[in-house]
Amino acid sequence: MTTASFTGLSRIRYVRAFTVRGGGADYHDQGAGHWIDDHIATPMARYPEYRQSRQSFGINVLGTLVVELEAEDGTVGFAVTTGGEPAAFIVEKHLSRFLIGRSPADYEKIWDQMYFSTQYYGRKGLVVNAISGVDLAIWDLLGKLRGEPVYHMLGGAVRDELQFYATGARPDLAKEMGFIGGKLPLHHGPAEGLEGLEKNIENLSDMRSKCGDDFWLMLDCWMSLDLDYATRLAQRAWDECGLKWIEEALSPDDYWGYAALKKNAPRGLLVTTGEHEATRWGFRMLMDMDCCDIIQPDVGWCGGVTELIKIANYADSRGVMMVPHGSSVYSYHFVITRHNSPFAEFLMMHPGPTEVVPMFAPQLLGEPVPVNGRIRASELDKPGFGVELNREIALHRPYPND
(Lines give C-alpha, C1' and ligand atoms only; values in the text may rest on other atoms or scores of the structure.)
Protein backbone atom coordinates (compact mmCIF):
# COMPACT_ATOMS: atom_id res chain seq x y z
CA MET A 1 0.00 0.00 0.00
CA THR A 2 1.42 3.33 -0.99
CA THR A 3 1.82 6.14 1.52
CA ALA A 4 1.69 8.83 -1.16
CA SER A 5 -0.59 11.72 -0.31
CA PHE A 6 -3.55 12.60 -2.50
CA THR A 7 -1.77 15.70 -3.78
CA GLY A 8 1.62 14.02 -4.23
CA LEU A 9 0.50 11.04 -6.28
CA SER A 10 2.68 9.45 -8.91
CA ARG A 11 1.71 10.82 -12.32
CA ILE A 12 0.59 8.92 -15.40
CA ARG A 13 3.52 7.92 -17.57
CA TYR A 14 2.09 5.47 -20.10
CA VAL A 15 -1.33 5.05 -21.76
CA ARG A 16 -2.08 1.76 -23.49
CA ALA A 17 -5.23 0.55 -25.22
CA PHE A 18 -5.80 -3.12 -26.07
CA THR A 19 -8.55 -5.10 -27.73
CA VAL A 20 -9.79 -8.55 -26.74
CA ARG A 21 -12.27 -10.95 -28.34
CA GLY A 22 -14.58 -13.45 -26.67
CA GLY A 23 -16.91 -12.45 -23.84
CA GLY A 24 -15.87 -10.22 -20.98
CA ALA A 25 -16.89 -6.57 -21.25
CA ASP A 26 -18.29 -7.17 -24.74
CA TYR A 27 -20.58 -9.80 -23.28
CA HIS A 28 -22.45 -10.29 -26.56
CA ASP A 29 -19.29 -11.79 -28.08
CA GLN A 30 -20.27 -15.36 -27.21
CA GLY A 31 -20.15 -18.74 -28.89
CA ALA A 32 -23.08 -20.51 -30.50
CA GLY A 33 -25.96 -21.64 -28.30
CA HIS A 34 -25.73 -18.86 -25.73
CA TRP A 35 -29.08 -17.55 -24.43
CA ILE A 36 -28.00 -13.95 -25.08
CA ASP A 37 -28.17 -14.50 -28.86
CA ASP A 38 -31.35 -16.58 -29.15
CA HIS A 39 -34.02 -14.75 -31.18
CA ILE A 40 -34.09 -11.62 -29.01
CA ALA A 41 -36.16 -8.68 -30.21
CA THR A 42 -34.09 -5.85 -31.70
CA PRO A 43 -34.63 -2.83 -33.97
CA MET A 44 -33.16 -4.99 -36.76
CA ALA A 45 -35.84 -7.68 -36.35
CA ARG A 46 -37.95 -5.90 -38.97
CA TYR A 47 -35.57 -7.63 -41.41
CA PRO A 48 -36.16 -11.42 -41.27
CA GLU A 49 -32.54 -12.23 -42.12
CA TYR A 50 -31.35 -10.48 -38.92
CA ARG A 51 -34.09 -11.74 -36.59
CA GLN A 52 -32.74 -14.97 -35.15
CA SER A 53 -29.31 -13.77 -34.01
CA ARG A 54 -28.06 -10.40 -32.84
CA GLN A 55 -24.58 -11.35 -33.99
CA SER A 56 -25.95 -11.60 -37.54
CA PHE A 57 -26.20 -7.79 -37.72
CA GLY A 58 -22.88 -7.20 -35.97
CA ILE A 59 -23.61 -6.68 -32.28
CA ASN A 60 -20.23 -8.19 -31.38
CA VAL A 61 -17.99 -6.75 -34.10
CA LEU A 62 -16.10 -4.32 -31.87
CA GLY A 63 -15.02 -6.55 -29.00
CA THR A 64 -13.66 -5.38 -25.67
CA LEU A 65 -11.54 -2.29 -25.07
CA VAL A 66 -8.90 -2.53 -22.32
CA VAL A 67 -7.41 0.76 -21.11
CA GLU A 68 -4.23 0.55 -19.05
CA LEU A 69 -2.59 3.51 -17.28
CA GLU A 70 0.86 3.11 -15.78
CA ALA A 71 2.13 5.64 -13.23
CA GLU A 72 5.72 6.78 -12.86
CA ASP A 73 6.19 4.48 -9.85
CA GLY A 74 5.05 1.44 -11.88
CA THR A 75 1.53 1.22 -10.42
CA VAL A 76 -0.97 0.14 -13.09
CA GLY A 77 -4.66 0.97 -13.23
CA PHE A 78 -6.91 -0.50 -15.89
CA ALA A 79 -10.50 -0.95 -16.98
CA VAL A 80 -12.50 -2.87 -19.56
CA THR A 81 -15.47 -1.69 -21.59
CA THR A 82 -16.70 -2.00 -25.18
CA GLY A 83 -15.39 -0.23 -28.27
CA GLY A 84 -12.65 -2.48 -29.57
CA GLU A 85 -10.15 -1.20 -32.13
CA PRO A 86 -11.88 2.11 -33.03
CA ALA A 87 -11.98 3.06 -29.34
CA ALA A 88 -8.35 1.98 -28.91
CA PHE A 89 -7.40 4.43 -31.68
CA ILE A 90 -9.27 7.26 -29.94
CA VAL A 91 -7.59 6.49 -26.60
CA GLU A 92 -4.03 6.28 -27.91
CA LYS A 93 -4.13 8.90 -30.66
CA HIS A 94 -6.40 11.52 -29.12
CA LEU A 95 -7.17 11.11 -25.40
CA SER A 96 -3.65 10.17 -24.27
CA ARG A 97 -2.49 13.82 -24.56
CA PHE A 98 -4.76 14.71 -21.63
CA LEU A 99 -3.34 11.91 -19.47
CA ILE A 100 0.43 11.67 -19.79
CA GLY A 101 2.17 13.65 -17.07
CA ARG A 102 -1.07 14.22 -15.17
CA SER A 103 -2.10 13.11 -11.69
CA PRO A 104 -5.09 10.72 -11.62
CA ALA A 105 -6.44 13.00 -8.89
CA ASP A 106 -7.21 15.51 -11.67
CA TYR A 107 -10.04 13.33 -12.99
CA GLU A 108 -12.52 16.22 -13.27
CA LYS A 109 -10.27 18.32 -15.48
CA ILE A 110 -9.17 15.29 -17.49
CA TRP A 111 -12.78 14.26 -18.14
CA ASP A 112 -13.73 17.77 -19.20
CA GLN A 113 -10.84 17.95 -21.65
CA MET A 114 -11.52 14.49 -23.09
CA TYR A 115 -15.21 15.21 -23.61
CA PHE A 116 -15.05 18.70 -25.08
CA SER A 117 -12.03 17.92 -27.30
CA THR A 118 -14.03 15.11 -28.94
CA GLN A 119 -17.44 16.76 -28.91
CA TYR A 120 -17.35 17.52 -32.63
CA TYR A 121 -17.26 13.80 -33.44
CA GLY A 122 -18.44 12.27 -30.18
CA ARG A 123 -21.02 13.15 -27.49
CA LYS A 124 -22.41 9.59 -27.27
CA GLY A 125 -21.71 6.05 -28.33
CA LEU A 126 -18.22 4.89 -29.27
CA VAL A 127 -16.36 8.03 -28.21
CA VAL A 128 -18.02 8.20 -24.80
CA ASN A 129 -17.34 4.46 -24.39
CA ALA A 130 -13.64 5.25 -24.88
CA ILE A 131 -13.81 8.16 -22.44
CA SER A 132 -15.60 5.89 -19.96
CA GLY A 133 -12.87 3.27 -20.20
CA VAL A 134 -10.19 5.88 -19.55
CA ASP A 135 -12.12 7.35 -16.63
CA LEU A 136 -12.61 3.95 -15.02
CA ALA A 137 -8.89 3.22 -15.41
CA ILE A 138 -8.13 6.58 -13.75
CA TRP A 139 -10.27 5.67 -10.74
CA ASP A 140 -8.66 2.23 -10.56
CA LEU A 141 -5.19 3.79 -10.64
CA LEU A 142 -6.17 6.44 -8.10
CA GLY A 143 -7.46 3.80 -5.71
CA LYS A 144 -4.33 1.70 -6.07
CA LEU A 145 -2.05 4.69 -5.49
CA ARG A 146 -4.04 5.68 -2.40
CA GLY A 147 -4.48 2.12 -1.17
CA GLU A 148 -8.27 2.52 -1.12
CA PRO A 149 -11.18 0.83 -2.85
CA VAL A 150 -13.12 3.07 -5.21
CA TYR A 151 -16.26 2.94 -3.08
CA HIS A 152 -14.36 4.46 -0.14
CA MET A 153 -13.34 7.37 -2.36
CA LEU A 154 -17.00 7.81 -3.38
CA GLY A 155 -18.12 8.30 0.21
CA GLY A 156 -18.26 4.78 1.60
CA ALA A 157 -20.93 2.10 1.78
CA VAL A 158 -24.46 3.01 2.84
CA ARG A 159 -25.36 -0.68 3.37
CA ASP A 160 -23.49 -3.83 4.36
CA GLU A 161 -24.23 -5.76 1.18
CA LEU A 162 -25.45 -5.50 -2.38
CA GLN A 163 -28.53 -7.41 -3.45
CA PHE A 164 -29.10 -8.32 -7.09
CA TYR A 165 -31.68 -9.20 -9.65
CA ALA A 166 -30.56 -11.49 -12.48
CA THR A 167 -30.82 -10.91 -16.21
CA GLY A 168 -31.10 -14.10 -18.22
CA ALA A 169 -33.37 -16.65 -19.82
CA ARG A 170 -34.22 -18.54 -16.59
CA PRO A 171 -35.74 -16.35 -13.87
CA ASP A 172 -37.06 -19.52 -12.22
CA LEU A 173 -33.48 -20.69 -11.61
CA ALA A 174 -32.46 -17.17 -10.56
CA LYS A 175 -35.08 -17.35 -7.80
CA GLU A 176 -33.59 -20.63 -6.57
CA MET A 177 -30.16 -18.94 -6.55
CA GLY A 178 -31.37 -16.21 -4.20
CA PHE A 179 -31.83 -13.27 -6.58
CA ILE A 180 -34.61 -10.78 -5.82
CA GLY A 181 -35.92 -10.80 -9.38
CA GLY A 182 -35.38 -11.99 -12.92
CA LYS A 183 -35.30 -9.98 -16.15
CA LEU A 184 -36.17 -11.81 -19.35
CA PRO A 185 -35.12 -10.83 -22.85
CA LEU A 186 -38.12 -10.09 -25.06
CA HIS A 187 -38.08 -12.51 -27.99
CA HIS A 188 -40.61 -11.08 -30.46
CA GLY A 189 -41.05 -7.54 -31.74
CA PRO A 190 -43.68 -5.70 -33.79
CA ALA A 191 -42.56 -7.23 -37.09
CA GLU A 192 -43.77 -10.62 -35.84
CA GLY A 193 -47.27 -9.31 -35.33
CA LEU A 194 -50.00 -10.53 -33.00
CA GLU A 195 -48.59 -14.06 -33.04
CA GLY A 196 -45.30 -12.74 -31.65
CA LEU A 197 -47.11 -10.71 -28.99
CA GLU A 198 -48.98 -13.82 -27.87
CA LYS A 199 -45.70 -15.76 -27.66
CA ASN A 200 -44.19 -13.00 -25.51
CA ILE A 201 -47.11 -13.20 -23.09
CA GLU A 202 -47.01 -17.00 -23.07
CA ASN A 203 -43.30 -16.97 -22.22
CA LEU A 204 -43.79 -14.43 -19.44
CA SER A 205 -46.83 -16.28 -18.11
CA ASP A 206 -44.87 -19.54 -18.05
CA MET A 207 -42.14 -17.91 -15.99
CA ARG A 208 -44.69 -16.37 -13.63
CA SER A 209 -46.18 -19.80 -12.98
CA LYS A 210 -42.71 -21.21 -12.27
CA CYS A 211 -41.56 -18.31 -10.08
CA GLY A 212 -44.74 -17.59 -8.13
CA ASP A 213 -46.37 -14.27 -7.44
CA ASP A 214 -43.78 -13.00 -4.95
CA PHE A 215 -40.84 -12.77 -7.38
CA TRP A 216 -40.05 -9.76 -9.56
CA LEU A 217 -40.30 -10.36 -13.30
CA MET A 218 -39.12 -7.75 -15.80
CA LEU A 219 -38.82 -7.54 -19.59
CA ASP A 220 -35.77 -6.22 -21.46
CA CYS A 221 -37.00 -4.98 -24.82
CA TRP A 222 -33.61 -3.73 -26.15
CA MET A 223 -34.89 -0.68 -28.10
CA SER A 224 -37.06 -2.90 -30.31
CA LEU A 225 -40.64 -1.64 -29.97
CA ASP A 226 -42.87 1.20 -31.14
CA LEU A 227 -45.14 3.11 -28.78
CA ASP A 228 -48.33 1.26 -29.71
CA TYR A 229 -46.78 -2.21 -29.33
CA ALA A 230 -45.01 -1.24 -26.09
CA THR A 231 -48.26 0.09 -24.63
CA ARG A 232 -50.20 -3.06 -25.50
CA LEU A 233 -47.41 -5.30 -24.21
CA ALA A 234 -47.12 -3.34 -20.97
CA GLN A 235 -50.87 -3.51 -20.33
CA ARG A 236 -51.17 -7.25 -20.93
CA ALA A 237 -47.94 -8.11 -19.11
CA TRP A 238 -49.16 -6.17 -16.07
CA ASP A 239 -52.72 -7.52 -16.11
CA GLU A 240 -51.89 -11.15 -16.88
CA CYS A 241 -48.40 -11.67 -15.44
CA GLY A 242 -47.75 -9.01 -12.81
CA LEU A 243 -44.76 -7.54 -14.64
CA LYS A 244 -42.60 -5.28 -12.44
CA TRP A 245 -41.02 -3.19 -15.20
CA ILE A 246 -40.67 -2.83 -18.94
CA GLU A 247 -37.14 -1.83 -19.94
CA GLU A 248 -35.76 0.11 -22.90
CA ALA A 249 -38.86 -0.43 -25.00
CA LEU A 250 -38.13 2.34 -27.53
CA SER A 251 -35.21 3.93 -29.35
CA PRO A 252 -33.00 5.76 -26.81
CA ASP A 253 -33.44 8.98 -28.81
CA ASP A 254 -37.25 8.87 -28.60
CA TYR A 255 -37.69 10.90 -25.39
CA TRP A 256 -41.19 11.91 -26.48
CA GLY A 257 -42.19 8.28 -26.97
CA TYR A 258 -40.89 7.35 -23.52
CA ALA A 259 -42.83 10.22 -21.95
CA ALA A 260 -45.98 8.94 -23.64
CA LEU A 261 -45.27 5.33 -22.64
CA LYS A 262 -44.86 6.33 -19.01
CA LYS A 263 -48.25 8.05 -19.15
CA ASN A 264 -49.83 5.06 -20.94
CA ALA A 265 -48.40 2.34 -18.69
CA PRO A 266 -50.63 0.78 -16.03
CA ARG A 267 -50.29 2.37 -12.61
CA GLY A 268 -47.76 0.30 -10.67
CA LEU A 269 -45.79 -0.89 -13.70
CA LEU A 270 -42.38 0.79 -13.89
CA VAL A 271 -40.94 2.16 -17.14
CA THR A 272 -37.13 1.98 -17.17
CA THR A 273 -34.43 2.99 -19.63
CA GLY A 274 -31.00 4.57 -20.03
CA GLU A 275 -28.67 1.67 -20.77
CA HIS A 276 -27.74 3.28 -24.08
CA GLU A 277 -27.97 6.89 -22.87
CA ALA A 278 -24.84 8.92 -22.12
CA THR A 279 -23.65 11.91 -20.08
CA ARG A 280 -25.45 14.20 -17.64
CA TRP A 281 -27.19 15.96 -20.54
CA GLY A 282 -28.79 12.81 -21.94
CA PHE A 283 -30.04 11.72 -18.55
CA ARG A 284 -31.28 15.22 -17.81
CA MET A 285 -33.52 14.87 -20.87
CA LEU A 286 -34.90 11.56 -19.59
CA MET A 287 -35.65 13.00 -16.16
CA ASP A 288 -36.83 16.48 -17.11
CA MET A 289 -39.23 15.05 -19.68
CA ASP A 290 -40.53 12.47 -17.16
CA CYS A 291 -39.63 9.60 -19.47
CA CYS A 292 -39.16 6.82 -16.93
CA ASP A 293 -39.38 5.67 -13.32
CA ILE A 294 -35.84 4.26 -13.13
CA ILE A 295 -32.71 5.35 -15.00
CA GLN A 296 -30.18 2.65 -15.90
CA PRO A 297 -26.83 4.17 -16.92
CA ASP A 298 -23.96 1.84 -17.75
CA VAL A 299 -20.84 3.26 -16.09
CA GLY A 300 -18.70 1.86 -18.92
CA TRP A 301 -20.77 3.67 -21.55
CA CYS A 302 -22.25 6.81 -19.99
CA GLY A 303 -18.98 8.61 -19.22
CA GLY A 304 -17.39 6.64 -16.39
CA VAL A 305 -17.52 7.18 -12.64
CA THR A 306 -16.79 10.91 -12.93
CA GLU A 307 -19.90 11.45 -15.04
CA LEU A 308 -22.02 8.90 -13.19
CA ILE A 309 -21.58 10.97 -10.01
CA LYS A 310 -23.27 13.91 -11.75
CA ILE A 311 -26.03 11.74 -13.20
CA ALA A 312 -26.71 10.12 -9.83
CA ASN A 313 -26.78 13.42 -7.98
CA TYR A 314 -29.31 14.87 -10.42
CA ALA A 315 -31.44 11.74 -10.12
CA ASP A 316 -31.28 11.97 -6.34
CA SER A 317 -32.41 15.60 -6.43
CA ARG A 318 -35.36 14.59 -8.61
CA GLY A 319 -36.32 11.59 -6.47
CA VAL A 320 -35.56 9.21 -9.35
CA MET A 321 -34.25 5.73 -8.66
CA MET A 322 -31.02 4.74 -10.43
CA VAL A 323 -30.24 1.07 -11.04
CA PRO A 324 -27.13 0.92 -13.26
CA HIS A 325 -26.92 -1.47 -16.16
CA GLY A 326 -24.89 -4.55 -15.26
CA SER A 327 -21.18 -3.74 -15.48
CA SER A 328 -19.58 -5.91 -12.82
CA VAL A 329 -17.28 -4.26 -10.26
CA TYR A 330 -17.55 -0.90 -11.99
CA SER A 331 -21.17 -0.55 -10.93
CA TYR A 332 -20.84 -2.45 -7.62
CA HIS A 333 -18.48 0.17 -6.20
CA PHE A 334 -20.97 2.88 -7.08
CA VAL A 335 -24.25 1.24 -6.08
CA ILE A 336 -22.97 0.40 -2.59
CA THR A 337 -22.55 4.16 -1.93
CA ARG A 338 -26.00 5.33 -3.08
CA HIS A 339 -29.35 5.39 -1.30
CA ASN A 340 -31.20 5.88 -4.59
CA SER A 341 -29.58 2.68 -5.98
CA PRO A 342 -31.06 0.07 -3.63
CA PHE A 343 -30.12 -2.99 -5.71
CA ALA A 344 -28.00 -3.95 -8.71
CA GLU A 345 -28.16 -5.97 -11.92
CA PHE A 346 -26.24 -9.18 -12.47
CA LEU A 347 -25.90 -10.51 -16.02
CA MET A 348 -26.10 -14.30 -16.08
CA MET A 349 -23.28 -15.05 -18.49
CA HIS A 350 -23.45 -18.83 -18.23
CA PRO A 351 -24.82 -20.10 -21.59
CA GLY A 352 -27.75 -21.89 -19.89
CA PRO A 353 -27.89 -19.85 -17.76
CA THR A 354 -27.97 -22.51 -15.07
CA GLU A 355 -25.22 -21.28 -12.73
CA VAL A 356 -23.62 -18.07 -11.49
CA VAL A 357 -20.29 -17.28 -13.18
CA PRO A 358 -18.16 -14.10 -13.17
CA MET A 359 -19.77 -11.51 -15.40
CA PHE A 360 -16.65 -10.27 -17.21
CA ALA A 361 -14.72 -13.54 -17.35
CA PRO A 362 -12.13 -14.34 -18.58
CA GLN A 363 -10.81 -10.76 -18.63
CA LEU A 364 -10.96 -9.96 -14.91
CA LEU A 365 -9.24 -11.84 -12.11
CA GLY A 366 -10.70 -11.65 -8.62
CA GLU A 367 -14.17 -10.58 -9.79
CA PRO A 368 -16.71 -11.15 -6.99
CA VAL A 369 -19.97 -12.94 -7.78
CA PRO A 370 -23.24 -13.01 -5.83
CA VAL A 371 -23.85 -15.81 -3.36
CA ASN A 372 -27.55 -16.23 -2.61
CA GLY A 373 -28.05 -13.11 -4.71
CA ARG A 374 -25.78 -10.94 -2.55
CA ILE A 375 -22.24 -9.58 -2.30
CA ARG A 376 -20.89 -8.27 0.99
CA ALA A 377 -19.41 -4.76 0.96
CA SER A 378 -16.24 -6.21 2.49
CA GLU A 379 -15.65 -8.17 -0.75
CA LEU A 380 -14.94 -4.82 -2.44
CA ASP A 381 -12.21 -3.76 -0.02
CA LYS A 382 -9.16 -4.20 -2.27
CA PRO A 383 -7.57 -1.01 -3.71
CA GLY A 384 -9.10 0.41 -6.87
CA PHE A 385 -11.85 -1.74 -8.29
CA GLY A 386 -10.28 -4.76 -6.64
CA VAL A 387 -9.64 -6.81 -9.78
CA GLU A 388 -6.63 -7.50 -11.98
CA LEU A 389 -6.31 -7.96 -15.72
CA ASN A 390 -5.92 -11.55 -16.86
CA ARG A 391 -2.58 -11.44 -18.72
CA GLU A 392 -3.14 -14.89 -20.23
CA ILE A 393 -5.85 -13.65 -22.59
CA ALA A 394 -4.90 -12.57 -26.12
CA LEU A 395 -4.40 -8.82 -25.72
CA HIS A 396 -3.83 -6.92 -28.95
CA ARG A 397 -2.51 -3.35 -29.00
CA PRO A 398 -3.26 -1.96 -32.47
CA TYR A 399 -1.99 1.62 -32.04
CA PRO A 400 1.06 1.70 -29.75
CA ASN A 401 2.53 5.07 -28.84
CA ASP A 402 5.46 3.89 -26.71
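The values are calculated or read from the model by the stated rules, or taken from the named source; none is laboratory data. These numbers were taken from a predicted model, which means no experiment stands behind them. Ideal geometry is used to build each Cβ from the backbone, glycine not excepted, and the neighbour counts take in all protein chains shown.
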_Lone unmet requirement of (1) in contact with a strand residue (DSSP E or B) (Cβ under 7 Å, 6 or more places away or on another chain); (2) in contact (Cβ under 8 Å) with a residue 24 or more places away in the chain for Arg318_ = (1)
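Would you call Arg376 in contact with an Asp or Glu (Cβ under 6 Å, 6 or more places away or on another chain) and assigned by TED's automatic domain parsing to the domain that holds Glu248? Steps first, answer last, please.
Values: in contact with an Asp or Glu (Cβ under 6 Å, 6 or more places away or on another chain): yes; assigned by TED's automatic domain parsing to the domain that holds Glu248: yes.
Here the answer is yes, as Arg376 does meet what is asked.
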*Considering the stretch 264-298 alone, what residues qualify as being within 17 Å of Met223 (Cα to Cα), touching a Lys or Arg at 6+ places or on another chain (Cβ under 9 Å) and either among the hydrophobic types (A, V, I, L, M, F, W, C) or modelled with pLDDT under 95 (or both)?*
Leu270, Val271, Ala278, Phe283, Cys291, Cys292
*Mind telling me which of the residues Gly352, Gly384 ends up being crowded, with 20+ Cβ neighbours inside 10 Å and touching a residue at least 40 places away in the same chain (Cβ under 8 Å)?*
Gly384
*What number of residues within the stretch 108-124 are loosely packed, with under 13 Cβ neighbours inside 10 Å and outside any helix (DSSP H, G or I)?*
3
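What's the total number of residues in the stretch 8-63 that are assigned to a loop (DSSP other than H, G, I, E, B) and of a type in the set (Ser, Thr, Tyr)? Steps first, answer last, please.
Narrowing the stretch 8-63 to residues assigned to a loop (DSSP other than H, G, I, E, B): 8-11, 21-34, 38-42, 47, 51-53, 58-63.
Next cut, of a type in the set (Ser, Thr, Tyr) only: 10, 27, 42, 47, 53.
Count: 5.
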*Filter the stretch 28-46 down to residues that are out of contact with any Lys or Arg (no Cβ under 7 Å at 6 or more places or on another chain) and without any contact (Cβ under 8 Å) to a residue 60 or more places away in the chain and give me whichever is surrounded by the fewest Cβ atoms within 10 Å (Cβ to Cβ).*
Ala32
*asked:* Tell me the residue from Val158, Val150 that is surrounded by fewer than 16 Cβ atoms within 10 Å (Cβ to Cβ) and either in contact with a His (Cβ under 9 Å, 6 or more places away or on another chain) or not aliphatic (A, V, I, L, M) (or both), please.
replied: Val158
*Of all residues in the stretch 250-289, count the ones that are closer than 24 Å to Val335 by Cβ, among the charged types (D, E, K, R) and surrounded by fewer than 24 Cβ atoms within 10 Å (Cβ to Cβ).*
5
*Taking the stretch 179-195, which residues are more than 22 Å from Gln296 (Cβ to Cβ) and surrounded by fewer than 18 Cβ atoms within 10 Å (Cβ to Cβ)?*
Ala191, Gly193, Leu194, Glu195
*Right, Thr272: on the phi > 0 side of the Ramachandran plot, among the hydroxyl-bearing types (Ser, Thr, Tyr) and in contact with an Asp or Glu (Cβ under 8 Å, 6 or more places away or on another chain) or not?*
no
